[in-house]
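Read through the structure below, which is laid out as structure tokens, and then see the notes.
The values are calculated or read from the model by the stated rules, or taken from the named source; none is laboratory data. In this text the structure is predicted, and so the values were computed from the model without any measurement. Every residue, glycine as well, gets a Cβ built from its backbone with ideal geometry; the counts of neighbours run over all protein chains shown.
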Amino acid sequence: MRIWQNWRGSLAPKRVPLWLTLGIGVVLVFFLISIHRFLAVSNPVGEGVLVVEAWIPAKTLKESAIVFNSGRYRYLVIVGGPMQGSGSKSNDPTTWADLAASRLEKLGFDTKKLVQISVPAVSSGRTLAGATAVKRWLGSSRISVCCVDVFTVGPHARKSWILSRYAFGDGYRVGIIAGSPDSYDPRFWLASRRGIWVVVRNLAGYMYSKFWILFHGRVSAS
């Protein structure tokens, strides 16, 4: 009988200590509070070339022009791939780079300082493909700059930064600027389905990029 009781007791669920429950709760709350700020990082160099991911919203794109004019940049480089369902008319933009450049021109941006780089359609790795294309352009144009700042939107910044540093290598100082998202309020992203989806997607993308880089060598400059 005693053996049976001991056996039943060993199978009984253990009560989790209150301090452990509270600790897990505190960690979870801290994670939820800080994760958006971690992903939407801004750490600009402030000079050289400002690279803008062309697919960002129009409102965020407008911010990039303000950033350019407030820094010591030589060129604003718009980089982007094809737009799905576009180009039905001869004057329609066919790439995100075309559309973004057109929007900046309408804002009065100096076209002499504007560079468009269109990249082919890719099934994955859009961010890395864009950064690699910009590095290739810098090499072929023989523009001597020390630094590159990448401008993107919100929580995508952390992923863009790590992949851009990987693509540009040790030859450039690479900074990052997170523009303001237009589909939700970053302060209350947990109260927005759109905000939650954007954060979760970009957190997964950042983690995937970290592991991807661990298992790959340097990007070829060619």
Being at pLDDT below 90 and among the β-branched types (Val, Ile, Thr) is the filter here; which residues of the stretch 120-151 pass it? 122, 143
Count - residues of the stretch 107-165 that are on the phi > 0 side of the Ramachandran plot and in contact with a strand residue (DSSP E or B) (Cβ under 8 Å, 6 or more places away or on another chain): 1
All-but-one check, residue 212 against (1) in contact with a helix residue (DSSP H, G or I) (Cβ under 8 Å, 6 or more places away or on another chain); (2) not in a loop (DSSP other than H, G, I, E, B), failing number (1)
Residue set 196, 213, 177; condition at negative phi and modelled with pLDDT under 90; output residue 213
Of all residues in the stretch 112-131 being of a type in the set (Val, Ile, Thr) and within 22 Å of residue 204 (Cβ to Cβ), the one that is surrounded by the fewest Cβ atoms within 10 Å (Cβ to Cβ): 122
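Condition check: within 18 Å of residue 80 (Cα to Cα), within 17 Å of the chain's Cα centre (by Cα) and either among the small types (Gly, Ala, Ser) or surrounded by fewer than 18 Cβ atoms within 10 Å (Cβ to Cβ) (or both). Does residue 180 satisfy that?
no
Answer with yes or no whether residue 68 is modelled with pLDDT of 90 or more, closer than 28 Å to residue 121 by Cα and among the aromatic types (Phe, Trp, Tyr).
yes
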Could you identify the single residue in 184, 206 that is part of a helix (DSSP H, G or I), in contact (Cβ under 8 Å) with a residue 12 or more places away in the chain, touching a Lys or Arg at 6+ places or on another chain (Cβ under 6 Å) and not charged (D, E, K, R)? 206
From the set of residues in the stretch 46-77 that are of a type in the set (Phe, Trp, Tyr) and outside any strand (DSSP E or B), which is farthest from the chain's Cα centre (by Cα)? 68
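The rows are residues; the columns are (1) within 30 Å of residue 195 (Cβ to Cβ); (2) of a type in the set (Lys, Arg); (3) in contact with a Phe, Trp or Tyr (Cβ under 6 Å, 6 or more places away or on another chain).
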site: 96; (1), (2), (3): yes, no, yes
site: 100; (1), (2), (3): yes, no, no
site: 108; (1), (2), (3): no, no, no
site: 124; (1), (2), (3): yes, no, no
site: 141; (1), (2), (3): no, no, no
site: 156; (1), (2), (3): yes, no, no
What's the total number of residues in the stretch 57-84 that are among the polar types (S, T, N, Q) and in contact with a strand residue (DSSP E or B) (Cβ under 9 Å, 6 or more places away or on another chain)? 2
What pairs can you find where one residue is in the stretch 102-119 and part of a helix (DSSP H, G or I), the other is surrounded by 17 or more Cβ atoms within 10 Å (Cβ to Cβ) and among the polar types (S, T, N, Q), and their Cβ atoms are less than 9 Å apart, with a gap of 6+ or different chains? 104/64
